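The values are calculated or read from the model by the stated rules, or taken from the named source; none is laboratory data. Small disclaimer: the values here were computed from a predicted structure and weren't measured. Glycine gets a Cβ as well: all are built from the backbone with ideal geometry, and neighbour counts include every protein chain shown. The accessibility values were calculated without ligands, DNA or RNA, using every heavy atom of the protein model including side chains. Shrake-Rupley method; radii C 1.70, N 1.55, O 1.52, S 1.80 Å.
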Amino acid sequence: MTILGIYLMVINLIGFFIMGMDKKRAIRGAWRISEASLFSVALIGGALGCTLGMHFFHHKTKHWYFRYGLPAIFVVQVLFGILILSEILF
């Protein structure tokens, strides 16, 4: 497994778990993780983990910018990865 693969696995696990942590904090009325931080994790490669966490924990699903924004970031990341791989391979 490459360093990039390990990075993507770790950042997506972080994205998944911070969505769960924020949901738990929301239920308790405790200090919350900022939306900017949630999106930052998604932007640096954790969009899939954040999206899966959003649906798994039923968190932020009523906010259109999360419901559509996180999957859109993931699609852009996949397309960017395909573009990079196609440049490397051909």
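Quick check: is even one residue across the range 9-28 modelled with pLDDT under 95, over 8 Å from the mean Cα position of the chain (by Cα) and not hydrophobic (A, V, I, L, M, F, W, C)?
No, the range 9-28 contains no residue that is modelled with pLDDT under 95, over 8 Å from the mean Cα position of the chain (by Cα) and not hydrophobic (A, V, I, L, M, F, W, C).
Report those helices (runs of 4 or more DSSP H) wholly inside the range 10-74 carrying at least 3 residues which are open to solvent by 30 Å² or more (accessible area, probe 1.4 Å) and touching a helix residue (DSSP H, G or I) at 6+ places or on another chain (Cβ under 9 Å).
35-41, 47-56
List pairs: first in the range 1-30 and β-branched (Val, Ile, Thr), second open to solvent by 70 Å² or more (accessible area, probe 1.4 Å), Cβ under 8 Å, 6+ apart or cross-chain?
Ile11/Ile44
Tell me, yes or no, whether the range 79-90 has at least one residue that is in contact (Cβ under 8 Å) with a residue 24 or more places away in the chain and part of a helix (DSSP H, G or I).
Looking through the range 79-90, none of the residues is in contact (Cβ under 8 Å) with a residue 24 or more places away in the chain and part of a helix (DSSP H, G or I).
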